[in-house]
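Working notes for the structure below.
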Ligand code: FES
């Protein structure tokens, strides 16, 4: 009986992810490519790249999720103009790491701001 309940929980969780994924696709307005995982997905304006990574099952690593730990630092290879402006938390984090802010962003702090274009991200993976 316990095994049956566990299987049902797994099935419910899988369906929830599928529904969320399909919802993202239906609301599609911008394209995000998570290059390390070969994921290409359409996403709505306002969605953070952390949300995109987590909803699509990308192997990107996250820590605090509020811009303090820098675990989610990643390169925006293309499409920086389709993301929000870099914020003070990101600037402070990049200064602490002594890294150039030209191409680097914290995935938990940036979100899609344009309906057009393609955003290509590369990052460290958890694998
Ligand atoms: S997860 Fe900690 S800075 Fe993004």
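Just so it is clear, none of the values below were taken in a lab; they were calculated from the coordinates. Not measured: the values here are computed from a predicted model. No Cβ is skipped: glycine too gets one built from the backbone with ideal geometry, and neighbour counts run over all protein chains shown.
Please report the relative contact order for the stretch 78-119, taking Cα pairs under 8 Å with a sequence separation of at least 6, and give it as a percent rounded to a whole number.
With pairs under 8 Å counted, the relative contact order is 66 percent.
Going by the alpha-carbon gyration tensor, a ≥ b ≥ c the square roots of its eigenvalues, is the stretch 52-127 rounded (a/c under 1.5) or, if a/c is not under 1.5, prolate (a/b greater than b/c) versus oblate?
Oblate.
Using mean Cβ contacts within 10 Å as the protection proxy, how do 53-65, 86-98 order, highest first?
Going by the mean number of other Cβ atoms within 10 Å, highest first, we get 53-65, 86-98.
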